[in-house]
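Comments concern the structure below.
The values are calculated or read from the model by the stated rules, or taken from the named source; none is laboratory data. Predicted, not measured: the structure shown is a model, and the values here were computed from it. Cβ sites come from the backbone with ideal geometry, for glycine too, and all protein chains shown count toward neighbours.
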Amino acid sequence: MKILITGASRGFGKQAAEALLFRGHEVLAALRGGEGRGRMLFSSEALATGRLHFIDLPLESPEALARLPGWVASNWGGRLDVLINNAGYGLMGPLEHQTDAQVRAQMEVNFFAPLALVRLCLPSLKRSAAMGGRPRIINISSIAGLVSFPYYGAYNASKFALEAVSEAMVYELSPFGVQVALIEPGGFKTGFNDSVEFTEVHPERDPVSAARLERFKHNLARKGSLFGDDPARVSRLIVKLSEQRKVGLRHVIGRDAWAMRVLQRLLPDSWRIRFETVFFERVFFRSTQTLR
């Protein structure tokens, strides 16, 4: 199969790209820096297959995205079997202190760019269906696309939006033989926290929020280094959904993600929010003095 995956420089994207490559598929790895950077990041074994290709695809650039169909037409005869929208980042902090530009950038990368890629790739995916393939779109969402958390508001919004359009696509694209799947991971050791953009809060203007943000940043980094599941679980799921005959829409993965999902389904919102408030206060907002 011919597979495009964004965010292929690290984490789920890089692991899945290599796994798909070694299973005999042809992979177009989209990452900042394109081939030059890709050749530094991927193993000599992956490069030696001759089936690994690179494209420089900054998601905030409509001009860069618009060049993608030309690459697929020139190199793959206009056929694409799997689109994996994996790239993204997190904007964290109190919504009160986030600028319009920050929130728009979050939505641009996590929502508008994947939606644009779907639109751009649909002719190639439909071509795959016409040639007897089973094309599909796999959007990497998050448990944060199903449940909201404090200081994740803008990130939540981007993932909730991705969830909504993905479900709409199931109805709209099924007549054309194009399937859609969402993967909703919890916390995994992917280095995601290293790419988080934190809101700036000036202590002299809002000392309470500034102090809470510092505790949040400290505890988030600590949690990321000590906890989290093996990201290979998600890359294996990506491979499975790429290859199996039929895919369902939602795929929650990760211990914390399943816990949040169960609470969401079983408890009234008021009870769940009360429980999660206690959890976040104790885990993410407790004083750093207690950690020494």
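Restricted to helices (runs of 4 or more DSSP H) entirely inside segment 1-111, those with at least 1 residues that are within 26 Å of E184 (Cα to Cα) and of a type in the set (D, E) are 11-22.
K126 meets the conditions (1) in a helix (DSSP H, G or I); (2) closer than 22 Å to K14 by Cα; (3) of a type outside the set (A, V, I, L, M) in every case but one. The failed one is (2). All of L57, L47, L4 fail the test of being touching a helix residue (DSSP H, G or I) at 6+ places or on another chain (Cβ under 6 Å) and not basic (K, R), apart from L57. D56 meets the conditions (1) closer than 24 Å to Y155 by Cβ; (2) surrounded by 14 or more Cβ atoms within 10 Å (Cβ to Cβ); (3) not polar (S, T, N, Q) in every case but one. The failed one is (1).
Answer yes or no: is there a residue in segment 220-230 that is assigned to a helix (DSSP H, G or I), modelled with pLDDT of 90 or more and over 16 Å from S141 (Cα atoms). Scanning segment 220-230, I find no residue that is assigned to a helix (DSSP H, G or I), modelled with pLDDT of 90 or more and over 16 Å from S141 (Cα atoms), so the answer is no.
Checking R222, R205, R233, R215 one by one, the residue that is among the basic types (K, R) and in contact with a Lys or Arg (Cβ under 8 Å, 6 or more places away or on another chain) is R215 and no other. Just one of the listed residues (M92, M40, M107) is surrounded by 15 or more Cβ atoms within 10 Å (Cβ to Cβ) and out of contact with any strand residue (DSSP E or B) (no Cβ under 7 Å at 6 or more places or on another chain), namely M107.
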